[in-house]
Amino acid sequence: MSLDFHTFPADNLIVFDFETTGLSPDMGDRAIEIGAVLIEKGKITDRFQQIMNPGIRIPLFIENLTGITNTMVKSARDNSAVMAEFHEFIAGHNLVAHNASFDERFLRAEFRRIKKYYSSGIACSLLAARRIFQNAPNHQLATLAQYKNLPTDGTYHRALADAEVTAHLWLSLLDELREQHELDELTFGFMHLLTKTPKHQLRKLYANSTQKRNSDL
């Protein structure tokens, strides 16, 4: 029997982030680092981080941006081994990423290379933040971390550090919904729907969710 991952609690999932050689796997770009954190009942309980050898050269711009060099990946395990391990790590969990469309493209491209697939849900903390933190100066991860005073060591463009900040952002988004809209039992499905809802329809979404919760009591 297949599971309905949309009914899973929104504070039980995995937040992940890739560093890559470029912007598009369709143009031959590859992942060079994966970082992820497991959130269970609103707490970070496990972590996954690996640099990997993509078998292609990392551009100088990416080396300067991430600090991940060609020398570093030369001694790392290749992508197939790391991604097979990551596939096991995320099994049975929904996923979240900041600007998730980017990370999802690389996730699915790397999995296709090793004949793996992923059937749970993927939600975007960037889209959620645009709807919930509408007064933020912008919705870049570093800006939101400062805006909400999230725990961070100031490191960005490294996969595990970005995944950890995104995890704290996601939990902050959930807290905001609980406090401002009395939405206590937040599901992954609700959060995914919220990211697809136009801003002018959010009030209706919140009202319908509150009404449904009251009718279930």
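The values are calculated or read from the model by the stated rules, or taken from the named source; none is laboratory data. Quick caveat: nothing in here was measured; it's all calculated off a predicted structure. Counting neighbours? That spans all protein chains shown, and the Cβs are built from the backbone with ideal geometry, glycine included. Ligands, DNA and RNA are stripped out before the accessible areas are found, and what is left, the full protein with its side chains, is counted by its heavy atoms. Shrake-Rupley method; radii C 1.70, N 1.55, O 1.52, S 1.80 Å.
Could you do me a favour and compute the accessible area per residue for the chain, 1.4 Å probe, result in Å²?
Solvent-accessible surface per residue comes out at 53 Å².
Which angle from 0 to 90°, rounded to the nearest 10, does the C-alpha axis of helix 202-216 make with the longest principal axis of the chain?
Computed tilt is about 70 degrees.
List the relative contact order of the chain as a percent without decimals, with contacts defined as Cα pairs under 8 Å and 6+ residues apart.
It comes to 26 percent, rounded to a whole number.
Amide H to amide H, which residues 5 or more places from ARG77 or on other chains are under 5 Å from it, using H placed in the peptide plane?
Result for ARG77 returns ASN53.
Say a site is exposed when it is one of the GluC sites (Glu not before Pro), sits in a DSSP loop, and has at most 12 other Cβ atoms within 10 Å; what is then the longest site-free stretch of the chain?
1-181
Rounded to the nearest 10 Å², what accessible area does MET83 show when all protein chains are kept and the probe is 1.4 Å?
0
In region 158-200, what percent of the accessible surface is made up of carbon and sulfur (1.4 Å probe, ligands and nucleic acids excluded)?
45
Could you give the dipole magnitude of region 1-66 about its Cα centre, charging the beta-carbon of Lys and Arg +1 and that of Asp and Glu -1, in debye to the nearest 20?
In total the dipole reaches around 120 debye.
I'd like the accessible area for LEU171, computed on protein heavy atoms only with a 1.4 Å probe and all protein chains in place. Round to 10 Å², please.
Rounded to the nearest 10, that gives 30 Å².
Work out the P(r) tail for region 114-190: percent of alpha carbon pairs separated by more than 21 Å, whole number.
Summing the P(r) of region 114-190 above 21 Å gives 33 percent of all pairs.
Given the chain reduced to its alpha-carbon atoms as identical point scatterers, what log10 I(q)/I(0) does the Debye formula return at q = 0.08, 0.12 Å⁻¹?
Treating every Cα as an identical point scatterer, log10 I(q)/I(0) equals -0.29, -0.64.
Placing unit charges on C-beta atoms (Lys and Arg positive, Asp and Glu negative, everything else neutral), compute the dipole magnitude of the chain about its Cα centre in debye, rounded to 20.
560
What does the charge count near ILE62 come to, summing +1 for each Lys or Arg and -1 for each Asp or Glu among other residues with Cβ under 14 Å from its Cβ?
Once positives and negatives cancel, what remains is -1.
Accessible surface of ILE122 in the full protein assembly, 1.4 angstrom probe, to the nearest 10 Å²?
20
Using only Cα atoms, figure out Rg for region 1-110 and give it as a multiple of 2.2 N^0.38 Å.
1.13
Given a cut-off of 27 Å, name the pairs among LYS43/LYS74; LYS148/LYS199; LYS74/LYS115; LYS41/LYS74 whose C-alpha atoms lie farther apart than that in the structure shown.
Among LYS43/LYS74; LYS148/LYS199; LYS74/LYS115; LYS41/LYS74, the Cα-Cα distance tops 27 Å for LYS43/LYS74; LYS41/LYS74.
Let me check I've understood the local charge: for HIS87, count other residues with C-beta under 12 angstrom from its C-beta, Lys and Arg +1, Asp and Glu -1. What total comes out?
+2
Accessible area of region 1-99 with a 1.4 Å probe: how many percent of it is carbon plus sulfur?
Roughly 54 percent, rounded to a whole number.
How do ARG105, ARG131 rank by accessible surface area computed with a 1.4 Å probe, from largest to smallest?
ARG105, ARG131
Which residues' amide hydrogens lie under 5 Å from the amide hydrogen of ILE32, considering only partners 5 or more residues apart or on another chain, with H built in the peptide plane?
Amide H neighbours of ILE32, under 5 Å, 5+ apart: GLU19, THR20, THR21.
Only loop residues by DSSP count here, and only those with at most 16 other Cβ atoms within 10 Å; note down the trypsin sites (Lys or Arg not before Pro) in region 8-98 that meet that.
Taking region 8-98 and a limit of 16 other Cβ atoms within 10 Å, the loop trypsin sites (Lys or Arg not before Pro) found are LYS41, ARG57, ARG77.
Would you work out the charge dipole size for region 149-215 about its Cα centre, treating the Cβ of every Lys and Arg as +1 and the Cβ of every Asp and Glu as -1, and quote it to the nearest 20 debye?
Roughly 500 debye, rounded to the nearest 20.
Rg(Cα) of region 45-119 divided by 2.2 N^0.38 Å?
Cα-based Rg divided by the globular estimate yields 1.17.
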